[in-house]
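The values are calculated or read from the model by the stated rules, or taken from the named source; none is laboratory data. Please read these numbers as outputs of a predicted model, since none were measured by experiment. We place every Cβ from the backbone using ideal geometry, glycine too, and count neighbours over all the protein chains shown. For accessibility, only protein heavy atoms count, side chains too; no ligands or nucleic acids. Shrake-Rupley method; radii C 1.70, N 1.55, O 1.52, S 1.80 Å.
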Amino acid sequence: MVGQSVAAGGSDRWRALALLAVVLILSMSTWFSASAVVPQLRETWNLSPLAASGMTIAVQIGFVCGAIVSSLTNLSDVVAPRHVILGGSIGAASVNALLGAAGGAAWGLPLRLATGFFLAGVYPPACKLLSTWFQGRRGLALGVLVGALVLGNGTPHLVNGLGGLDWQVVIFVTSISTLMGGLLAEFAVREGPCPFAPGSWDPRQAGRLFTNRAFRLTTLGYVGHMWELYAVYAWFSAFFSDALVARGVPVGTVVAYGTFAIFVTGAAGCWLGGVLADRWGRCETASLMMALSGGCAVLIGLLFGSSPWLVLALGLVWGFTVVADSAQFSTMVTESADQSHVGTALTLQLASGFTISVATIWLIPILQQRFGWEWAFAFLAPGPLLGGLAMLRLRSLPEAVSIGGGRAARQG
């Protein structure tokens, strides 16, 4: 019966995927709005280096706080995901718009934290909503969705490369964009033919999730992945800029466009990671990508001072592999968690990963000052190593039968 429903909605599910990809690009744009205009805010608000980096870290912390509240209240399981997306988008758009009148970091930082808080109501429910359209090829579908988010991540670097936009215009446009994304989710995307079991409010459910061995290992894998990911996104441009200076190459717009290319290859990696995960296995794909990205983390610093184009070439490989596994952790949660509380499980997993990302975003510049760029990124390698081991462990367990149609269990 479910198979017939899926077949009947074959073309509709690709439409839902396209719409939700647009929703994420639009709605999550407020996450990156301040990053795009930090150079201007440094002058306008006289920001210290610590306050400037805090404009990014505050969003991460706010997202974690919002995700924890959502998990404890089971928000995405007791309220329709499209309603949650709309509410989160309205909240994020509103507090982001206020940033235009903030006047300094004293108000700017709390507003950025509030933006992250509301965006916790956008990303996790979008993953759940899309999963109701896909049983087969879910890895690919969520890979495309995360790829859209990755492109959104890179947009500030493209904006910086183009230049010439007033920072308040950027803030206003991203606020409108986020509101449009929420409205699109509410009125254009319905639930698919494979809905999850209805959930109920149960504040103890978040704790019970960790009694599920598959959820524990998948979340451990995601934490290892996130130990690396956002530190790369936050600091690659600074690394590449210093690499150009070390070789006497003018920086100009090369850094902005080169860094944006990292995100473009990442979006392609999300797509290919989804294809591999559906055909080969989710645990296998995730462990392979983490092994490759961890290797890049060690090697790229050793290229510092060599040809900038060689550095960028390895950076493109790193950008591809560092995020190619990202969507598969969410996919595994939708397949292995209690089906009446998938929204809670997704949100809690994301909260765990984004919590650890705060630490490495803060840590990299400290390591760079102590050890130089030659070794700073190497300290990210233990994350994907631990995550890859967690995936190989999960592959060997009976719980793997619930993941990817049991492909890992059959191969094991």
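Applying the condition of being assigned to a loop (DSSP other than H, G, I, E, B) and modelled with pLDDT of 85 or more to region 126-168 and asking which residue is nearest to SER326 (Cα to Cα) yields ARG137.
Only one of these is surrounded by fewer than 22 Cβ atoms within 10 Å (Cβ to Cβ), of a type in the set (Phe, Trp, Tyr) and out of contact with any strand residue (DSSP E or B) (no Cβ under 7 Å at 6 or more places or on another chain): PHE196, PHE236, PHE240. Name it. Sole residue among the options that is surrounded by fewer than 22 Cβ atoms within 10 Å (Cβ to Cβ), of a type in the set (Phe, Trp, Tyr) and out of contact with any strand residue (DSSP E or B) (no Cβ under 7 Å at 6 or more places or on another chain): PHE196. Looking only at region 244-261, count every residue that is of a type in the set (Gly, Ala, Ser) and in contact (Cβ under 8 Å) with a residue 12 or more places away in the chain and tell me the total. Total satisfying the criteria: 4. Figure legend. Inter-residue proximity from region 288-302: first residues closer than 9 Å to GLU374 by Cα, second residues open to solvent by 50 Å² or more (accessible area, probe 1.4 Å), beta-carbon distance below 8 Å, spacing 6+ or different chains. Indicated pairs: GLY301/GLU374; GLY301/TRP375; LEU302/GLU374. Considering only residues in region 296-327 that are open to solvent by 30 Å² or more (accessible area, probe 1.4 Å) and of a type in the set (Gly, Ala, Ser), the one that is nearest to the chain's Cα centre (by Cα) turns out to be ALA313.
Filtering region 247-264 to residues that are open to solvent by 60 Å² or more (accessible area, probe 1.4 Å) and not in a loop (DSSP other than H, G, I, E, B) leaves TYR257, VAL264. Of ILE366, ILE361, all but one fail to be surrounded by fewer than 17 Cβ atoms within 10 Å (Cβ to Cβ), farther than 22 Å from LEU272 by Cβ and among the hydrophobic types (A, V, I, L, M, F, W, C); the exception is ILE366.
Close Cβ contacts (under 8 Å, 6 or more residues apart or on different chains) running from residues in region 221-243 that are more than 24 Å from ALA327 (Cα to Cα) and of a type in the set (A, V, I, L, M, F, W, C) to residues that are open to solvent by less than 20 Å² (accessible area, probe 1.4 Å) and at pLDDT 95 or above comprise PHE239/ILE300; PHE239/TRP373; PHE239/ALA376; PHE239/PHE377; PHE240/VAL311; PHE240/GLY315; ALA243/VAL311; ALA243/TRP373.
Checked against (1) without any contact (Cβ under 8 Å) to a residue 12 or more places away in the chain; (2) outside any helix (DSSP H, G or I), TRP309 meets all criteria but (2).
For region 130-144, a residue qualifies if it is of a type in the set (A, V, I, L, M) and either surrounded by fewer than 24 Cβ atoms within 10 Å (Cβ to Cβ) or in contact with a Ser or Thr (Cβ under 9 Å, 6 or more places away or on another chain) (or both), and the qualifying residues are LEU140, ALA141, LEU142, VAL144.
Among the residues of region 177-193, those identified as surrounded by 15 or more Cβ atoms within 10 Å (Cβ to Cβ) and in a helix (DSSP H, G or I) are SER177, THR178, LEU179, MET180, GLY181, GLY182, LEU183, LEU184, ALA185, GLU186.
Scanning region 90-106 for residues that are among the hydrophobic types (A, V, I, L, M, F, W, C) and either assigned to a helix (DSSP H, G or I) or crowded, with 19+ Cβ neighbours inside 10 Å (or both) turns up ILE90, ALA92, ALA93, VAL95, ALA97, LEU98, LEU99, ALA101, ALA105, ALA106.
Do the conditions hold for THR347, that is, is it of a type in the set (Ser, Thr, Tyr), open to solvent by 10 Å² or more (accessible area, probe 1.4 Å) and under 30 Å from ALA120 (Cβ atoms)? Taking the combined requirement at face value, the residue does not satisfy it. Within the option set LEU229, LEU292, LEU209, being in contact with a Ser or Thr (Cβ under 9 Å, 6 or more places away or on another chain), open to solvent by 40 Å² or more (accessible area, probe 1.4 Å) and either of a type in the set (Lys, Arg) or outside any loop (DSSP other than H, G, I, E, B) (or both) holds for one residue only, LEU292.
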